[in-house]
Amino acid sequence: MKIAQKLEECTKNGQVYFSFEYFPPKTEEGVNNLFPRMKKMVSYGPQFCDITWGAGGSTADLTQDIANRMQKEVGIETMMHLTCTNMMPEKVTVALEKCKEAGIENILALRGDPPKGQEKWEAVEGGFECALDLVKFIREKHGDFFGIGVAGYPEAHPDAICDDPEQFKKNYAGELEYLKKKIDAGGQMIITQLFYDVGNFLQFVKDCRNIGINCPILPGIMPIQSYGGFMRMTGFCKTKVPQEILDTLEPIKDNAEAVKAYGIHLGTQMCKTLIEAGTPGLHMYSLNQDKAVLGILNGLGLVSIEEPTKNPTPAIEDKKEEATA
């Protein structure tokens, strides 16, 4: 079933939905450990799950295998990421045919990151130049068989972020126009890059609606699970991090449990704000772990877990107030 249709039905029924994202583990043991955890998480009722495609197509075969097992064994509607990096049309054709054989009907079409060791993204000779090319190719070759999702960037694509305010404004507008082209070419839903400034996401949704993008837009929520990982990811993605978050993390950065607790606390507060503002659903970047995302969903009342995650330590006060194209 097309995921976008499922999400639209949830919205019509007033049901706040959620979904989980996974990545291919590096070892066979990691893969074996992932599936029991995935089955546990799926028991809480996500509308779909997706699996990433490694930088430069480095995990192509493993991604395909995991996606097949997710669809068949785990029994969850699966969206497989597919990128342009190092992918000739022939390889994409093979990947899509394997998806059909496995009953996978949903693809997240991305440009992808550069292969490891390569700073700048470059298309392979005869390959796709961007995600728009990939969306068009899928629609041209497979009609309406696949539901297609695309990436959105509330703070603009990292390649478009710059220090000059006027230039950034132009870049951001150009990013929106490009996103509209991906939707017009056949994209049916948008999953966003991670963010930690909720206001940026809400403005992004308004900007999308103002130019005629009316499909589901899912906020990409990445709980803070470790200080080092958070700093690396936000640096790589050029994510804006409110000073309040940095100030709270600084004194606890060497306390792994306190950081995780704060990550759940912050994620819960962010998602509450999003839902209260009318956001119909959440896409949780699980990082292949269950505690943080289930803790957030439990705090929102969307799931009920046997051992609800405790509130952060008293030192952390309750303060009021989230892949490539």
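The values are calculated or read from the model by the stated rules, or taken from the named source; none is laboratory data. Because the structure is a prediction, the values reported are computed rather than measured. Counting neighbours? That spans all protein chains shown, and the Cβs are built from the backbone with ideal geometry, glycine included. Accessible surface is based on the protein model in full, side chains and every heavy atom, while ligands, DNA and RNA are left aside. Shrake-Rupley method; radii C 1.70, N 1.55, O 1.52, S 1.80 Å.
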#### Entry: Stretch gain in nm, segment residue 141-residue 215, where the contour uses 0.36 nm per residue and the Cα spacing is subtracted
24.4 nm
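With every protein chain present, what is the per residue accessible area of the chain (1.4 Å probe, Å²)?
Details: 15150 Å² over 325 residues.
In whole numbers, the chain has 47 Å² accessible per residue.
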### Message
From the phi angles alone, apply the Karplus equation (6.51, -1.76, 1.60; θ = phi - 60°) to region 290-301 and give each ³J(HN,Hα) in whole Hz, x where the residue is Gly or Pro.
### Response
9, 4, 5, 5, 5, x, 5, 5, 5, x, 7, x
### Task
Wrap a convex hull around the Cα atoms of the chain, take a quarter of its surface area, and give that in square nanometres.
16.5
### Query
How far is it, in nm, from the label point at residue 289 to the one at residue 180 when both lie 7 Å from their Cα along the line to the Cβ?
4.0
### Summary
Stokes-Einstein, Kirkwood over Cα pairs, region 204-244, 10 °C, 1.306 mPa s; D in µm²/s equals 127
### Task
Compute from the Cα atoms of region 148-240 the Rg and the Dmax, the latter being the longest Cα-Cα distance, and quote both in angstrom.
13.4, 39
### Summary
Of all GluC sites (Glu not before Pro) in region 164-203, the ones in DSSP coil with at most 14 other Cβ atoms within 10 Å are none
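Subtracting the Cα-Cα distance from 0.36 nm times the residue separation, let me have the gained length for residue 5 to residue 166 in nm, one decimal.
54.2 nm
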### Query
Could you give the nm distance between label points at residue 253 and residue 238, where each point is 7 Å from its Cα heading toward the beta carbon?
2.3
### Query
So how many Å³ per residue does the convex hull of the Cα atoms of region 159-203 work out to?
95
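For residue 13 and residue 275, what does the FRET efficiency come to when R0 = 22 Å and r is the distance between their Cβ atoms, rounded to the nearest 0.05? Walk me through the numbers before you get to the answer.
Details: r = 15 Å, r/R0 = 0.69.
For R0 = 22 Å, the calculated efficiency reads 0.90.
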### Query
When only alpha-carbon atoms count, how far does region 30-72 stretch along each of its three principal axes, as whole angstroms with the largest first?
33, 21, 17
### Message
Please give the Cα centre distance for region 162-192 versus region 35-107, rounded to the nearest Å.
### Response
26
## Note on the structure
Counting only protein heavy atoms with a 1.4 Å probe and every protein chain in place, the carbon and sulfur fraction of the accessible surface of the chain in whole percent equals 48
## Note on the structure
Counting Lys and Arg as +1 and Asp and Glu as -1 over every other residue whose Cβ sits under 14 Å from the Cβ of residue 39, the net charge comes to +2
### Message
Quick check: pseudo-label points 7 Å beyond the Cα along Cα→Cβ at residue 206 and residue 101, how many nm apart are they?
### Response
5.0
### Message
Explain nothing, just the number: dipole magnitude of region 241-307 about its Cα centre with +1 on each Lys and Arg Cβ and -1 on each Asp and Glu Cβ, in debye rounded to the nearest 20.
### Response
180
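Given the convex hull of the Cα atoms of region 38-103, what is a quarter of its surface area in nm²? Please report the intermediate quantities before stating the final value.
Values: hull surface 17.1 nm².
Over all viewing directions, region 38-103 projects a mean Cα-hull area of 4.3 nm².
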### Task
Would you kindly derive the ³J(HN,Hα) couplings of region 164-173 from the backbone phi angles with the Karplus curve 6.51 cos²θ - 1.76 cosθ + 1.60 (θ = phi - 60°), listing them in order in whole Hz, with x for Gly and Pro?
6, x, 5, 5, 4, 4, 5, 4, 4, 4
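Using the Kirkwood radius built from alpha carbon pairs, what does the Stokes-Einstein equation give as D for region 205-298 at 10 °C and 1.306 mPa s, in µm² per second?
Taking Rh from Cα pairs, D becomes 110 µm²/s.
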### Query
region 6-57: D in µm²/s via Stokes-Einstein (Kirkwood Rh, Cα pairs, 37 °C, 0.692 mPa s)?
257
### Task
Search the structure for amide H atoms under 5 Å from the amide H of residue 18, placed 1.01 Å from N in the peptide plane, and list their residues when 5 or more places away or on another chain.
47, 282
